[in-house]
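The values are calculated or read from the model by the stated rules, or taken from the named source; none is laboratory data. Quick caveat, the model's predicted, so the values are computed rather than measured. A quick note on method: Cβ atoms are made from the backbone with ideal geometry, for glycine too, and the neighbour counts reach across all protein chains shown.
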Amino acid sequence: MHIFIYNGISTREYCVTVSGEDTWAKAAPDLNSVTIPGRNGELLLSNRRYNNVDITYNCGITRQFERDFTGFAGQLLAAPGYHRLEDSYHPEYFRMAAITSGITPSMTALNHAGQFSVSFTCKPQMYFKSGEYSQEFTVSGGTLFNPSVHTAKPLIRVYGTGTLSVGDSFITINTADGYTDIDCDMQECYKGTVNCNGNVTLVNGEFPELHAGSNGVTFDSGITKVEITPRWWTL
């Protein structure tokens, strides 16, 4: 029996059956079309991003419908906003998804069983679960291999002070003690709840990215260790 897990809530806990034919939908690129008088066709301009994708799971409960549906729907709708979504159709990936509409069931006689759909709007990325694990580099640095064709924006934790090279980007870190986290997706630097943007200089003006294939990691002797959570993703 297939399942999905949203914000830590599993369909298995509420005896919900799941059909997920829509889960193979892929996000569309965000494009602007421009028409030019006297010229056939349209000029397409890329915004260098992808749009959200809609995913729907068709669900059912075959017994004790009122109890399990009330508990399940109540848990799903309790926390608005984006949360982690994963399912057994794509066990190696997860999405960030939000529920944007209510859940209305169709009941059988005597209300013992029923069917309903749960629809999510999802950020376009399907994140590799393997990309959630940090990789540690000490002394000599090393290499990160991006298995996807899409450029990843990692989370980098740097211990010490000096210059760090990741891929084709260079950053300098001035930390009195401990570590500095560099979130290349949020474009913020911090240690816990303390903002550390003033301690980090982007030498070529951009946060590091991990391109498809091999990406080198090197750093000065003043940096004792670097931990990189790569956040690989695909569509």
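Within segment 107-125, is even one residue under 22 Å from P147 (Cα atoms) and of a type in the set (F, W, Y)?
No, segment 107-125 contains no residue that is under 22 Å from P147 (Cα atoms) and of a type in the set (F, W, Y).
Take the residues in segment 203-218 that are modelled with pLDDT of 95 or more and among the aliphatic types (A, V, I, L, M), then tell me which one is nearest to G131 (Cα to Cα).
L210
What is the one condition in (1) surrounded by 14 or more Cβ atoms within 10 Å (Cβ to Cβ); (2) in a strand (DSSP E or B) that P124 does not satisfy?
So P124 meets the others, but not (2).
Being of a type in the set (S, T, Y) and within 14 Å of W232 (Cα to Cα) narrows it down to one of S88, S134, S119, so name that one.
Of the residues listed, the single one that is of a type in the set (S, T, Y) and within 14 Å of W232 (Cα to Cα) is S134.
Please count how many residues of segment 204-224 are in a loop (DSSP other than H, G, I, E, B) and among the aliphatic types (A, V, I, L, M).
The number of residues fulfilling the criteria is 1.
When you go through T180, T175, T163 one by one, which is the residue that is hydroxyl-bearing (S, T, Y), within 21 Å of E206 (Cα to Cα) and part of a loop (DSSP other than H, G, I, E, B)?
Result: T175 is the single residue among T180, T175, T163 that is hydroxyl-bearing (S, T, Y), within 21 Å of E206 (Cα to Cα) and part of a loop (DSSP other than H, G, I, E, B).
Between residues in segment 95-107 that are assigned by TED's automatic domain parsing to the domain that holds I55 and residues that are among the basic types (K, R) and assigned to a loop (DSSP other than H, G, I, E, B), which pairs lie under 8 Å by C-beta distance while being six or more apart or on different chains?
R95/K123; M96/K123; A97/K123
Looking only at segment 149-160, which residues are surrounded by fewer than 20 Cβ atoms within 10 Å (Cβ to Cβ) and assigned to a loop (DSSP other than H, G, I, E, B)?
V149, H150, T151, K153, listed by residue number.
In segment 177-195, which residues are more than 20 Å from the chain's Cα centre (by Cα) and of a type in the set (A, V, I, L, M, F, W, C)?
V194, the sole residue that qualifies.
Which strands (runs of 3 or more DSSP E) sit wholly inside segment 1-92 and have at least 1 residues that are loosely packed, with under 10 Cβ neighbours inside 10 Å and at pLDDT below 95?
29-34, 43-50
Being of a type in the set (G, A, S) and surrounded by fewer than 17 Cβ atoms within 10 Å (Cβ to Cβ) is the filter; apply it to segment 161-185 and report the residue that is modelled with the lowest pLDDT.
A176
Given (1) of a type in the set (G, A, S); (2) assigned to a loop (DSSP other than H, G, I, E, B); (3) buried (at least 17 other Cβ atoms within 10 Å of the Cβ), identify the lone condition not met by S140.
(3)
Look at segment 183-193 and say how many of its residues are free of Cβ contacts under 8 Å to residues at least 12 places away in the same chain, assigned to a loop (DSSP other than H, G, I, E, B) and not polar (S, T, N, Q).
Count: 2.
Looking at segment 79-97, is at least one residue within 23 Å of N52 (Cα to Cα) and over 22 Å from the mean Cα position of the chain (by Cα)?
no
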